[in-house]
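The values are calculated or read from the model by the stated rules, or taken from the named source; none is laboratory data. From a predicted model like this one, the values you see are computed outputs, not experimental measurements. Glycine also receives a Cβ, built like all others from the backbone with ideal geometry; neighbour counts cover every protein chain displayed.
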């Protein structure tokens, strides 16, 4: 008999702080829930591995690729289906956020154990319902996206005689049509900076002293944006004072006008360019879909990020009652919270082991695999993974322009908070994928490059706000480049070149 082929796996993302409670819900939603939303899904197995509290999210290569192809076909045949799924995921995320917000509005220290566990169980159900639809976004956006390819093809045809305009036009045609939470926060900071400038404040220290109440209001409204979807919350009053002080050297009123008129100006620029390039009705629909998908993707992300932020305090309260640290309480599986009263000591030991090594694999056809410690590590290293082909001698990498311009500097690989100290003004930030944690480093960059993402990813959105050249979807940038490499980033063409 021929020898059975060993399953090849793809690491969908890695080195994230996302904990087991969250990621087991995500995997269950994709393996079980997504099949109901998208019956053509071939994904029957999915898992997560944690090493030193960092998450690796994985799926069988064949199942993932076949499903991505099916989604690509669906996207071209029925773009409305894709849009409806994105909108549904936003609506369910909004419902989840309101549910968590309302519960947190009460005194949770006075809640009974039964009430707190009931909240978590309901939260889990609502999250899986939401992410069963939200699964579509990473499967459509992290792989070769047919909608992006179609859009790319259309725009390259329109700019054939003027190719240097491609990246500039791409930004105009794909900007989200509505403001996102990061822009709302920026507007509040700018308005406070305007007050500080009138009062002739010159430093963050003076702003902290004179505008404590206003800073607290901004922090209370937006500090959840700093949440790492695990345990870290890093934006306090001092941080916001620093953000306000950064604006003092700019034309604040102009920036306020730009943000206040963002939606009107974005739509006007979009319509002008559509006419200038003589877009057909079908071509317009393609770009309209992409810009709306970008908006709903991030609107949904912010809704469930805030919901998880509220959940954190429930988990902290539950864990604290039974001697678990805040981080340990996130390393319980969804069904284990109800066992805390009778197994708290054993669950604490399990959580501590899981922080070092933990593996969970779900399957529609087999029993779940749940391993801790050395057994988890051994099983994970026994899996066979697809390796990215990295051309070590290649002097040029290619990706998708996210914001036009050029930047030259030293490469700094920045994936986590602990990497931030490496970043100096004018360096090139290279990351698997950026997140709010990396914002301070992004502001210093002369250009940004990411392995993952498309024109609606975090790096693309933030680079547009910061007006920093950006290339996304390079796939192998963090492997082909090293700290200290000198490179030129041409975000007009989506090219990164090594310089001797």
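Check every one of the strands (runs of 3 or more DSSP E) wholly within the range 445-500 and list those with 2 or more residues that are within 17 Å of residue 423 (Cα to Cα). Steps first, answer last, please.
Working: elements: 447-450, 470-472, 486-490, 495-498.
Where strands (runs of 3 or more DSSP E) fall fully within the range 445-500 and carry at least 2 residues being within 17 Å of residue 423 (Cα to Cα), they are 447-450, 486-490.
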| request: Inspect all residues belonging to the range 274-287 and state whether any of them is in a helix (DSSP H, G or I), within 22 Å of residue 465 (Cβ to Cβ) and at pLDDT below 95. | output: yes
| note | By residue number, the members of the range 315-331 that are in contact with a helix residue (DSSP H, G or I) (Cβ under 6 Å, 6 or more places away or on another chain) and touching a residue at least 60 places away in the same chain (Cβ under 8 Å) are 315, 317, 318, 326, 330, 331
| query | Does the range 398-417 contain any residue that is under 22 Å from the mean Cα position of the chain (by Cα), crowded, with 18+ Cβ neighbours inside 10 Å, free of Cβ contacts under 8 Å to residues at least 40 places away in the same chain and not in a strand (DSSP E or B)? | reply | yes
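If I filter the range 445-460 for residues that are surrounded by fewer than 22 Cβ atoms within 10 Å (Cβ to Cβ) and either touching a residue at least 12 places away in the same chain (Cβ under 8 Å) or at positive phi (or both), do I get at least one hit? Spell out the reasoning first.
First, pick out the residues of the range 445-460 that are surrounded by fewer than 22 Cβ atoms within 10 Å (Cβ to Cβ): 446.
Right, trim to either touching a residue at least 12 places away in the same chain (Cβ under 8 Å) or at positive phi (or both) and you get 446.
Checked the range 445-460: at least one residue is surrounded by fewer than 22 Cβ atoms within 10 Å (Cβ to Cβ) and either touching a residue at least 12 places away in the same chain (Cβ under 8 Å) or at positive phi (or both).
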| Checking residue 291 against (1) at pLDDT 95 or above; (2) outside any loop (DSSP other than H, G, I, E, B), which single condition isn't satisfied? | (1)
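One line per residue, one yes/no per condition, for (1) in contact with a helix residue (DSSP H, G or I) (Cβ under 8 Å, 6 or more places away or on another chain); (2) modelled with pLDDT of 90 or more; (3) surrounded by fewer than 21 Cβ atoms within 10 Å (Cβ to Cβ):
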residue: 123; (1), (2), (3): yes, yes, no
residue: 130; (1), (2), (3): yes, yes, no
residue: 133; (1), (2), (3): yes, yes, no
residue: 138; (1), (2), (3): no, no, yes
residue: 172; (1), (2), (3): yes, yes, yes
residue: 177; (1), (2), (3): yes, yes, yes
residue: 183; (1), (2), (3): yes, yes, yes
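Does residue 270 satisfy the condition of being part of a helix (DSSP H, G or I), at negative phi and at pLDDT below 95? First the steps, then the outcome.
Values: part of a helix (DSSP H, G or I): yes; at negative phi: yes; at pLDDT below 95: no.
Taking the combined requirement at face value, the residue does not satisfy it.
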